Amino acid sequence: MVKAYVMMCCDAGSEIDVISSLKKIKGVKEVHGTLGLYDLIAQIESDTEEKIKEVVTNAIRKMKNMHSTVTLTRSESGELFDTSNKLVGAMLGQNLARAYVVLYCDKGEEYPTLKNLSHIPEVKEADVVFGYYDVICKVEASDEKTLDNIITKAIRRLPNIKTSMTLNVINEQESQLLENPSS
């Protein structure tokens, strides 16, 4: 399975409509509004890289209200993340605070960083990616304070991290989508 992450900037105020449209695109596994440099982040999965490129180029980039995109294509994550174990908190509704953190690492230290991330229970998944950044991870915690502590005191302090960027998920946008599914 080929996986990519697309970080997007769109017109202010159009985020909920864009999220709704993105969710209808085949291959878009999840999409969230975020706080930070980008307005939205989407995770895309497909059988081939060509299909990923087609979704990004012919569907996402041509969407109404879309300004720019940055695509990070997964290299691989190996079997470091036990998804069944990591999903338990999410399924129980305990993880109310979520963020994606993209990391720029020292040269050649991407896989050791991935391994270090796998030991942090709040890191639900992570991938080495091609693009401006080296690693992306999805972090979930019970509340914002815990999430902040995980990012600042655990992730950012890992060895070989040069820089990071955090995209906090905006839960209110997802609530609005559930209330207005026709958006």
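Any idea which of 104, 132 is out of contact with any Gly (no Cβ under 8 Å at 6 or more places or on another chain), assigned to a strand (DSSP E or B), on the phi < 0 side of the Ramachandran plot and surrounded by fewer than 21 Cβ atoms within 10 Å (Cβ to Cβ)?
Values: 132 fails: assigned to a strand (DSSP E or B).
Being out of contact with any Gly (no Cβ under 8 Å at 6 or more places or on another chain), assigned to a strand (DSSP E or B), on the phi < 0 side of the Ramachandran plot and surrounded by fewer than 21 Cβ atoms within 10 Å (Cβ to Cβ) holds for just one of 104, 132, which is 104.
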TODO: Determine whether the stretch 150-170 contains at least one residue that is at pLDDT below 95 and part of a helix (DSSP H, G or I).
DONE: no
Task: Residues of the stretch 29-55 classified as surrounded by fewer than 20 Cβ atoms within 10 Å (Cβ to Cβ) and either free of Cβ contacts under 8 Å to residues at least 40 places away in the same chain or of a type outside the set (D, E, K, R) (or both), total - done: 10
Task: Top-ranked residue in the stretch 25-54 [being in a helix (DSSP H, G or I) and in contact with a strand residue (DSSP E or B) (Cβ under 6 Å, 6 or more places away or on another chain); ranked as nearest to residue 12 (Cα to Cα)] - done: 52
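The values are calculated or read from the model by the stated rules, or taken from the named source; none is laboratory data. The structure displayed is predicted, hence computed values, not measured ones. Virtual Cβ from ideal backbone geometry, glycine too; neighbours counted across all protein chains shown.
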